[in-house]
Amino acid sequence: MMLDASAKGVYVIAPTPFHEDGRVDERSIDTMTDFFLGAGATGITVLGMMGEAPKLDAEEALAVAARVIERASVPVVVGVSAPGFAAMRTLTRAVMDKGAAGVMIAPPSSLKTDDQIVGYYANAAEAIGADVPFVIQDYPLSTGIVMTPGVIRRIVADNPGAVMLKHEDWPGLEKISTLRGFQADGSMRPISILCGNGGMFLDFETERGADGAMTGYAFPDMLADVVRLSAAGERDAAHDLFDAHLPYMRYEQQPGAGLAVRKYVLMRRGIIGSAALRKPGGGVSAKTRGEVDYLLARLARHDARAGDLRGA
């Protein structure tokens, strides 16, 4: 299941489950993977920015990726971003040997010019190998690196392995339209575009030409439904479902607190055993839990999945 430009649907960004004492929770990796498959995921992405990858050592990172790859029946993409190409190469070859579909690479914040960004991806592609398909991660809110549509087109032109863009620029709807325009006029070969940002703009991103989502959210089954409804031309139904989730979705998108909130709800849904983040990283306060529970109770009036929860 090698990644290619035809990828679509929802590639769920998987968190890394931990026990309360900080150990990787292998059982929860299994239950989480099974849930994602049942929720309609067409792919799974591990060791992304919301997967707490920097808190794992090299052996743990490979073990987490390998466990998901072995259990999943859909393509698995592995985040391999690293300060140096040696570590990137080592992890890439290891996960591809385990059966990964491809890897995801984000640019380092040290890049200053368009030429440096394009050159970086050329070097990264050389390091991981020409046979490895990769995802360009465009997340300027986190990396500080702004990739214009023209820069993305150059990266795609220079690197046959670049088959997908993880698009999470903000605002970014016009960028999707521009890239699809390049494809339409023949100046850029087709690539898959999956969108991030917690799904905050997925309703219109699909209408602009995105193929779906590659993001984390406590209700990935809702994201899959929105993508499906949009593809079927059921615009109002897609927006109605999406709009019902917006109050909670906005809360989960808080910088610095969102992952803890997401893990709390994933735990309440019975998907992972604990909401723990590995240190450094805190949990949710009693006040936050109360606010989240209130938002979920309101959401349950429109989507029964929000009411199917276990005790905290």
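The values are calculated or read from the model by the stated rules, or taken from the named source; none is laboratory data. Just so it is clear, the model here is predicted, and its values are computed rather than measured. Cβ sites come from the backbone with ideal geometry, for glycine too, and all protein chains shown count toward neighbours. Quick note on the areas: whole protein, heavy atoms, side chains included, nothing else; ligands and nucleic acids left out. Shrake-Rupley method; radii C 1.70, N 1.55, O 1.52, S 1.80 Å.
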Cross-link reach list, aspartates and glutamates versus residue 279, counting only Cα pairs under 16 Å and skipping chain neighbours closer than eight places: 20, 21, 25, 52, 57, 60
Net charge dipole size for segment 115-271 [Lys, Arg +1 and Asp, Glu -1 on Cβ; Debye, nearest 20]: 340
Estimated vicinal HN-Hα couplings, Hz - segment 111-119 in sequence order (Karplus 6.51, -1.76, 1.60; Gly, Pro = x): 6, 10, 10, 4, 5, 5, 5, 4, x
Charged-residue dipole, Cβ positions (Lys, Arg, Asp, Glu), the chain about Cα centre, Debye nearest 20: 460
Amide H within-cut-off set for residue 215, under 5 Å, with H built and near neighbours excluded: 11, 13
Whole-percent carbon and sulfur share, accessible surface of the chain, 1.4 Å: 52
Summed residue charge, Cβ within 14 Å of residue 130's Cβ, Lys/Arg positive, Asp/Glu negative: -1
With 10 Å bins from 0: P(r) over segment 1-55, alpha-carbon pairs, percent: 22, 48, 25, 4, 0
DSSP beta bridge pairing in the chain, given as percent antiparallel to the nearest 5: 5
For segment 140-183, diffusion coefficient by Stokes-Einstein and Kirkwood Rh (Cα), 10 °C, 1.306 mPa s, µm²/s: 143
Potential lengthening between residue 58 and residue 301 on full extension [0.36 nm per residue; Cα-Cα distance subtracted]: 83.1 nm
Within segment 131-145: backbone nitrogen closer than 18 Å to the residue 113 label point (7 Å, Cα to C-beta): 145
Accessible area (Å², per residue) of segment 1-46, counting only protein heavy atoms and a probe of 1.4 Å: 42
Relative contact order computed over the chain (Cα-Cα under 8 Å; 6+ residues apart), in percent: 20
C-alpha center-to-center spacing [segment 199-273, segment 1-54] in angstrom: 15
Largest-first principal axis extents, alpha carbons of segment 155-255, Å: 41, 32, 21
Reciprocal of mean inverse Cα separation for segment 69-126 (Kirkwood radius, Å): 12.4
Reach of residue 8 by Cα under 21 Å, taken over lysines that are not fewer than 8 positions away in the same chain: 166, 175
Volume of the Cα convex hull of the chain, divided per residue and given in Å³: 120
Options 10, 220, 181, ranked by Cα towards positive dipole end of the chain, top entry (Cβ charges): 220
Segment 105-174, relative contact order [Cα under 8 Å, separation at least 6], %: 39
